[in-house]
Amino acid sequence: MVLAELGGKLRDSLRKLHTSSGRVTQTQLNAVLSDITRALIESDVNVKFVMTMRDNVKKNVEQLIEKDDDDDDDDDDDDDANEQRRQRRASNVSKLVQKAVVEELVRLLQPQRKAYVPRRGKPNVVLFVGLQGAGKTTTIAKYANYYQRRGWKTAMVCADTFRAGAFDQLKQNATKLRVPFYGSYTEADPVAIAEEGVDQFVQEHYEMIIVDTSGRHRQEAGLLEEMQEIAAAVRPDNTVLVMDATQGQAVNDQAMAFSNAVDVGSVIITKLDGHAKGGGALSAVAATESPIIFLGSGEHFDDLDPFNAESFVSKLLGFGDVRGLMEAMKGGDDGKSQEELMEKMSKGEFTLRDMYSQFQRVMNMGPLNKVMGMIPGMPDYLIPKGTGDDASTNRLKKFLYMMDSMTNKELDGKVDFSDRSAPQVQSRIRRIAAGSGTHPKEVEMLLQAHKQFEGMVSKMGKSGLVGKQAQARQ
Ligand code: GDP
């Protein structure tokens, strides 16, 4: 995807600071910042934002340069010490520019407003809005799939009465996913359908009720009015705006129009897998001031990735896990929990919950074949060979769904799964499979993988290898 190109350009510019011969001058800094600015604008990121970002980065970094210059004056007579200080300063400035760029990009992608978190055991009505062709109906199916696979009682309502075939498309997806749906071939009033559908599913105690709306209307202003009427009728807990990454800067106006008409609570950006520059849709988030919750990365039901701004930026810039890096810089929780895990592993302890958090880390970090091997004790057959990441990603995702369906006791190693033929173990396996939409055989595979993992960790613990790695990290 084209965003990868942007990542490459940003990396190249930042690298220029590394190779400079010990001294970071104002001119070099300006050159690097103008490279970064150009790369972002070429990727359709909003110009106003890019300028603010440049100014902020500059302000932060210049402060450091001035401070170091003052220090420098103290002992002009020692050339070696000065040279060392320059080297150190160059590396500090480069790290600081990098950190400032990361923070600014994260800030762009992470508005103040927090995403709505659906609650279990109550009806969560989620209204999807967006222009025709943005990928709304497809995204609804992916979203339904996401929650259904995690054991949520999910249903879909089609309130798009404008586009012929809209109901059929939703029905087809719902049938494939085995998700109940509501719609009508004869009723022409979208507000009535939305209300009836939502009422029915609320009465039937559905937890996730997803409403599809039209992307076009007979008159231009009519669409937004229709959204307002539907929103007033179903009183959604969350309104999700679906935006197409291939639309460039144009999505900014759309985003503004929708968010002025209805209370857009979150955003999903689609088609980031194609030739989209992506920057337009990403910066439109600033216009709605609503967080991105998922990115669409293909046409299949599984192609929906939960969005985390820091992980996204870290992948974009190819820094690996910037979140971990930033947390480590700040000495925050993430670094600490990883240390705790290392400590546990050095004693040979490794529960399903530990495996879960490791897999999640990996999923957030980018090219699987690169990072999987970095996890201590990762069984060989789980590490993808070459670039064919898909199968391994899907297997990991399935493993995560299964672990999502486990109880705390199971995750924390308080349940003995070793006798697979015992009726109580069999019944747990069946429950986990049903909760995660997988086959009991797959759950057995997960348990087998964990056993292997655990065995290896135990061996490594005894060898003292993990302890040494943990120390080396500090
Ligand atoms: P709607 O009019 O907004 O409901 O749009 P649809 O859901 O019908 O999607 C329009 C087209 O975009 C369809 O061909 C989808 O398969 C395609 N599409 C939707 N989301 C994605 C995505 O994330 N990636 C890709 N490559 N195509 C997508």
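The values are calculated or read from the model by the stated rules, or taken from the named source; none is laboratory data. Remember, it's a predicted structure, so these values are computed and weren't measured experimentally. So basically every Cβ, Gly included, is an ideal-geometry build from the backbone, and we count neighbours across all protein chains shown. We work out accessible area using only protein heavy atoms, side chains counted, and drop any ligands, DNA or RNA first. Shrake-Rupley method; radii C 1.70, N 1.55, O 1.52, S 1.80 Å.
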Q. Name the pairs: first residue in the stretch 270-281 and within 21 Å of Val47 (Cα to Cα) and modelled with pLDDT of 75 or more, second residue open to solvent by 10 Å² or more (accessible area, probe 1.4 Å) and within 6 Å of the ligand (Cβ to nearest atom), Cβ to Cβ under 7 Å, at least 6 apart or on different chains?
A. Leu272/Ser297
(Q) The conditions are (1) at pLDDT 95 or above; (2) more than 14 Å from the ligand (Cβ to nearest atom); (3) closer than 20 Å to Pro118 by Cα, and Glu196 fails exactly one of them. Which is it? (A) (3)
Q) Restricting to the stretch 226-235, what's the tally of residues that are open to solvent by less than 40 Å² (accessible area, probe 1.4 Å) and within 20 Å of Ala287 (Cβ to Cβ)? A) 2
Q: Would you check if there is a residue in the stretch 141-148 being under 24 Å from Pro306 (Cα atoms) and more than 14 Å from the ligand (Cβ to nearest atom)?
A: yes
Q.
Can you report the number of residues in the stretch 28-45 which are of a type in the set (A, V, I, L, M), within 17 Å of Leu282 (Cβ to Cβ) and surrounded by fewer than 21 Cβ atoms within 10 Å (Cβ to Cβ)?
A. 1
Q: Among the residues of the stretch 188-222, write down those that are in contact with a Ser or Thr (Cβ under 8 Å, 6 or more places away or on another chain), open to solvent by 10 Å² or more (accessible area, probe 1.4 Å) and either free of Cβ contacts under 8 Å to residues at least 40 places away in the same chain or of a type in the set (A, V, I, L, M) (or both).
A: Ala188, Asp189
Q: Select from the stretch 249-260 the residues that are touching a residue at least 60 places away in the same chain (Cβ under 8 Å) and more than 16 Å from the ligand (Cβ to nearest atom) and write down the one among them that is nearest to Ile209 (Cα to Cα).
A: Asn252
Q. When you look at Asp263, is it within 18 Å of Gly135 (Cβ to Cβ), acidic (Asp, Glu) and either open to solvent by 20 Å² or more (accessible area, probe 1.4 Å) or within 13 Å of the ligand (Cβ to nearest atom) (or both), yes or no?
A. no
